[in-house]
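The values are calculated or read from the model by the stated rules, or taken from the named source; none is laboratory data. Because the structure is predicted, anything quoted here is derived from the model rather than measured. All Cβ positions, even for glycine, are placed from backbone atoms using ideal geometry, and neighbour counts span all protein chains on display. These accessible areas exclude ligands, DNA and RNA; they are computed on the full protein's heavy atoms, side chains included. Shrake-Rupley method; radii C 1.70, N 1.55, O 1.52, S 1.80 Å.
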Amino acid sequence: MTVLEQRGSSRSESHRPAPPPAWRPRVDPAPLLPDAEPYRLLGTDAAGRTGAELLTGLYEHLVRGRRYNAQATALTRQGRLAVYPSSTGQEACQVAAALALKEQDWLFPSYRDTLAAVARGLDPVQALTLLRGDWHTGYDPREHRIAPLCTPLATQLPHAVGLAHAARLKGDDVVALALVGDGGTSEGDFHEALNFAAVWQAPVVFLVQNNGFAISVPLAKQTAAPSIAHKAVGYGMPGRLVDGNDAPALHEVLTEAVERARRRGGPTLVEAITYRIEAHTNADDATRYRADSEVEQWRGHDPIALVEHELAERGLLSDDLVQRVRDGAEELAADLRERMNQDPALDPMDLFAHVYAEPTSQLAEQAAQLRAELEAEAEGADGAGARAAHENVAGEERP
């Protein structure tokens with residue numbers, strides 16, 4: 001029977017397709033949804049479950065981090081750094097991310113996350129070497145299990161997924177934690193990374209530091225979603241919304257997410273609500289797109305002050321503790337200042353180091369060309385020096 005004949009047939013003989021099978025979601029979306037409000041511990045009845053040792057340790061890291069940011073900013077003004085993206089106001093995100101990981105885990109930072117690398121144990125001078133313009137990275141990523149600081153937005157996220165997936169295939173007990181800003185979530189790499197991570201159930205945690213602005217673009221002009229954490233549901237992973245200035249809360253959420261990934265529970269997207277107190281970088285004028293009153297309002301929710309208040313409530317904020325922590329922070333700043341004020345001895349041939357495990361023919365050709373130019377320059381300098389010395393001696397011999 002043709003289609004036309006079918007249409008003209010009697011009602012009893014017409015084609016009656018069976019109803020489609022009932023659609024069901026692959027996973028229940030309800031457990032994946034974030035809380036309606038950012039998760040908090042400080043200032044709530046649950047704050048007491050954060051141990052005194054952890055709370056004191058967080059406080060020490062936060063104070064050191066604040067001083068580190070101030071010193072790095074000063075070095076930029078003095079011309080010792082080409083640029084510095086400060087994380088002042090976001091120290092809780094940086095510290096909690098570093099402390100939530102075990103030694104064998106990997107941290108994947110963005111360009112603003114030098115403090116996270118320092119909190120994980122990286123030498124502060126090595127952490128700033130890229131921003132100084134002296135080296136591609138400044139440290140050995142494998143030694144410290146810290147991926148290179150990533151300047152292009154969100155490109156570190158697929159790398160974190162790839163490393164985590166490879167570790168899982170090999171049976172290694174490794175979790176990757178990748179940091180990104182709210183601006184980075186507008187990049188395709190963000191969406192690709194989350195999709196791959198969820199499909200592969202890779203042991204990776206994504207921490208979005210939502211500081212309100214992608215340089216000058218407010219979050220409302222980037223996304224209409226209820227929150228960035230809500231986007232996790234679309235990929236099939238849990239989303240967590242947390243107060244990014246509440247260091248104990250963020251540490252708890254990230255630790256849970258890391259351990260969930262370690263138990264083969266899959267990835268988690270954590271959105272930390274925080275604020276960038278300083279400008280985007282030293283080249284940015286933040287007064288052009290935000291009011292001073294907004295900044296002052298966030299200063300009232302300072303991560304250091306929040307932890308100090310909790311320590312005081314428990315009777316743990318002694319004068320000795322405060323002085324010891326401040327002295328340690330000043331020692332860090334003084335050491336950083338002294339070593340950053342020394343001009344490093346740089347070898348131009350290092351440009352070709354650590355680019356490829358097996359250098360390409362083009363790279364070898366470029367290296368040979370640069371080596372020849374450097375040798376010719378050195379010979380020219382030696383010749384000029386010899387002539388100058390000869391002329392000086394001849395001049396002294398003249399009557």
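Applying the selection to the range 122-140, what residues are open to solvent by 30 Å² or more (accessible area, probe 1.4 Å), part of a helix (DSSP H, G or I) and without any contact (Cβ under 8 Å) to a residue 24 or more places away in the chain?
Those that are open to solvent by 30 Å² or more (accessible area, probe 1.4 Å), part of a helix (DSSP H, G or I) and without any contact (Cβ under 8 Å) to a residue 24 or more places away in the chain: GLN126, LEU130.
So, in the range 206-225, how many residues would count as being within 24 Å of SER86 (Cβ to Cβ) and either open to solvent by 40 Å² or more (accessible area, probe 1.4 Å) or β-branched (Val, Ile, Thr) (or both)?
9
Pick from the range 154-202 the residues that are open to solvent by 10 Å² or more (accessible area, probe 1.4 Å) and touching an Asp or Glu at 6+ places or on another chain (Cβ under 7 Å): which of them is farthest from THR274 (Cα to Cα)?
Selected residue: VAL174.
Kindly indicate the residue of the range 317-339 that is hydrophobic (A, V, I, L, M, F, W, C) and touching a helix residue (DSSP H, G or I) at 6+ places or on another chain (Cβ under 6 Å) and also surrounded by the most Cβ atoms within 10 Å (Cβ to Cβ) among those meeting that condition. Explain how you work it out, then say what you get.
Step one: of the range 317-339, the residues hydrophobic (A, V, I, L, M, F, W, C) are 317, 321-322, 325, 329, 332-334, 336.
Checking the rest, the ones that are also touching a helix residue (DSSP H, G or I) at 6+ places or on another chain (Cβ under 6 Å) come to 317, 325, 329, 332-333, 336.
On the way: LEU317: 16, VAL325: 18, ALA329: 21, LEU332: 18, ALA333: 20, LEU336: 23.
Looking at the filtered set, the residue picked out is LEU336.
Only one of (1) in a loop (DSSP other than H, G, I, E, B); (2) touching a His at 6+ places or on another chain (Cβ under 9 Å) is not met by GLU271, so which one is it?
So the condition that GLU271 fails would be (1).
Identify, please: which residue in the range 261-300 is open to solvent by 90 Å² or more (accessible area, probe 1.4 Å) and acidic (Asp, Glu) and is, among those, farthest from GLY244 (Cα to Cα)?
For the range 261-300, the residue satisfying everything is ASP292.
Out of the residues in the range 19-33 meeting the condition of being open to solvent by 70 Å² or more (accessible area, probe 1.4 Å) and among the hydrophobic types (A, V, I, L, M, F, W, C), tell me which one is farthest from the chain's Cα centre (by Cα).
My answer is ALA22.
Looking at the range 81-92, is at least one residue in a loop (DSSP other than H, G, I, E, B), more than 24 Å from LEU317 (Cα to Cα) and in contact with a strand residue (DSSP E or B) (Cβ under 9 Å, 6 or more places away or on another chain)?
yes
Just to be sure I understand the filter: pairs with C-beta atoms under 7 Å, separated by 6 or more residues or on different chains, first member in the range 251-269 and under 16 Å from ALA167 (Cβ atoms), second member surrounded by fewer than 17 Cβ atoms within 10 Å (Cβ to Cβ) and at pLDDT 95 or above. Which pairs pass?
If the second residue must be surrounded by fewer than 17 Cβ atoms within 10 Å (Cβ to Cβ) and at pLDDT 95 or above, the pairs left are ARG262/ASP173.
Among the residues of the range 249-273, which ones are in contact with a helix residue (DSSP H, G or I) (Cβ under 9 Å, 6 or more places away or on another chain) and of a type in the set (A, V, I, L, M)? Spell out how you get there, then give the answer.
Within the range 249-273, the subset in contact with a helix residue (DSSP H, G or I) (Cβ under 9 Å, 6 or more places away or on another chain) is 249-255, 261, 264-272.
Those that are in contact with a helix residue (DSSP H, G or I) (Cβ under 9 Å, 6 or more places away or on another chain) and of a type in the set (A, V, I, L, M): ALA249, LEU250, VAL253, LEU254, ALA261, LEU269, VAL270, ALA272.
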